[in-house]
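Each remark here refers to the structure printed beneath this line.
Readers should treat all values here as calculations from the given coordinates under stated rules, not as data from a laboratory. If you're wondering where the values come from, they're calculated on a predicted model, not measured in any experiment. Cβ sites come from the backbone with ideal geometry, for glycine too, and all protein chains shown count toward neighbours.
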C-alpha cells in the first residue's frame with residue numbers, strides 16, 4: 001500500500017517547472033499586450049498542473065503494466081515498484097484528467113475562447129496515449145512532439161489568448177522557447193534511460209538518435225531559447241535579464257557534455273527544470289514590468 005509521500009513522489013517529477021513556467025511566461029506575454037488577468041491565469045495554472053500530474057500517473061500506470069519500469073534508474077514509480085495497485089494509479093490519473101477538464105472548461109467560459117475546447121480534448125487524449133493504448137506514440141520517438149506542442153505552444157499561447165484575446169510574435173517566441181526547455185527536460189530523462197528503454201523495446205527519440213545524437217539534441221534545445229531572448233530584446237531590452245537563468249543550466253550541460261550516464265544524469269533533470277521555471281518567471285517579469 002503506497003504511503004501519502006509515495007503518491008506525492010509519483011506525481012511530482014517535472015510537474016512544477018512544466019506546469020508553472022508556460023503559464024507564467026504566457027501571462028507575461030499577455031501583460032506585454034496590456035491585458036494580463038489574474039483569474040484566467042490561475043485557471044490556466046490549475047489546468048497545467050492537473051494535466052502534468054495526470055500525465056505522470058498515466059505514464060506510471062501504462063509503463064508499469066507493460067513491465068517497462070521493471071528495471072529503472074529514475075525516481076519511484078508506483079506501479080512498477082509494486083507499492084500501489086495498477087487500478088489505483090489509473091484512477092488517480094483519470095481524477096487528475098477530470099480536474100484539468102473542469103478547470104479548462106471554466107477557463108473557456110470565462111475567456112469565451114470556445115475554439116480551445118477541442119484543443120483541450122486533444123491534450124487529454126495525447127497525454128493518455130503518450131504511453132497508453134496498444135500503440136503508444138511515446139514508444140515510437142514522438143514524445144518530444146507532444147511536450148513541445150502541449151507544454152510549450154498550447155500552454156503558453158493558450159494562457160496568453162485567454163487573457164488578451166489575441167496573439168503576437170512575442171507570445172510565439174516565448175512559447176517556442178519554453179517548449180524547447182520542456183523538451184530538453186524530457187530528452188535528458190530519455191538520455192538517462194537509453195539502456196533500459198532499448199532493452200524493453202521502448203523506441204524513444206533518444207534510443208533512435210543514440211547517445212551522441214541525443215546529447216547534441218539536448219544542447220541545441222537549451223541553446224535556442226537564449227537565441228530567442230536576444231530576438232525578444234529588440235522589442236523589450238529588459239528581456240535580457242532572462243539570460244541569468246542560463247546559470248542554472250551549467251551543471252546539467254556539463255553532465256551531458258562530459259558523458260554522464262544513469263544516476264549521474266538525475267541532477268541534470270532537476271537543473272533543467274529549474275532553468276525552465278526561472279526562464280519563465282524572468283521573461284514574464286521583463287515583459288510585464290518593462
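Using the number of other C-beta atoms within 10 angstrom as an exposure proxy, rank 279, 146 with the fewest first. Provide the component values of the computation, followed by the final result.
On the way: 279 30, 146 20.
The order, fewest Cβ neighbours first, is 146, 279.
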Relative to the longest principal Cα axis of the chain, at what angle does helix 169-192 sit, 0 to 90 degrees, rounded to 10?
20 degrees
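Mean residue ellipticity at 222 nm from the helices of the chain, using -39,500 (n - 2.57) per DSSP H segment of n ≥ 4 over the full residue count, to the nearest 500 deg cm²/dmol?
Per the formula, -23500 deg cm²/dmol.
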Taking Cα pairs under 8 Å and at least six residues apart, what relative contact order does the chain come out at, in percent?
24 percent
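Provide the FRET efficiency to the nearest 0.05 for the residue 238-residue 145 pair, computing r from the beta carbons and using R0 = 22 Å.
Using R0 = 22 Å, I get an efficiency of 0.10.
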Could you list the residues of the range 158-198 with an amide nitrogen less than 16 Å from a label point located 7 Å from the Cα of residue 37 in the Cα-to-C-beta direction?
158-167
Please order 193, 60, 271 by the number of other Cβ within 10 Å, starting at the fewest.
271, 193, 60
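If you stretched the chain out fully between residue 230 and residue 203, how much longer would it get, using 0.36 nm times the residue separation minus the C-alpha to C-alpha distance? Don't jump to the answer; show the numbers that get you there.
Numbers: separation 27, 0.36 × 27 = 9.72 nm, distance 3.54 nm.
Once the chain is fully extended between residue 230 and residue 203, it gains 6.2 nm.
Under the rule a/c < 1.5 gives rounded, and otherwise a/b versus b/c splits prolate from oblate, where does the range 168-290 land using the Cα gyration tensor?
Values: a/c = 2.82, a/b = 2.15, b/c = 1.31.
It is prolate, given that a/c is not under 1.5 and a/b is the larger ratio.
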What nm value, rounded to one decimal, do you get for the distance between residue 172 and residue 261 when each label is placed 7 Å out toward the C-beta?
4.3 nm
Below 8 Å between Cα atoms, with a sequence gap of 6+, how large is the relative contact order for the range 190-237 in percent?
29 percent
Note: the range 205-244, point scatterers on Cα, Debye, no solvent; log10 I/I(0) at q = 0.25, 0.31 Å⁻¹ equals -0.73, -0.93
If I stretch the segment between residue 254 and residue 134 completely, what's the gain in nm (0.36 nm per residue apart, minus their alpha carbon distance), one decimal?
39.4 nm
Nearest-ten-degree value, helix 155-164 long axis tilted from longest Cα axis of the chain:
30 degrees
What Kirkwood Rh does the chain have if only Cα atoms enter the pairwise 1/r average? Answer in Å.
19.0 Å
Under the rule rounded for a/c under 1.5, else prolate if a/b exceeds b/c, else oblate, using alpha carbon gyration tensor axes a ≥ b ≥ c, the range 29-167 is classed as prolate
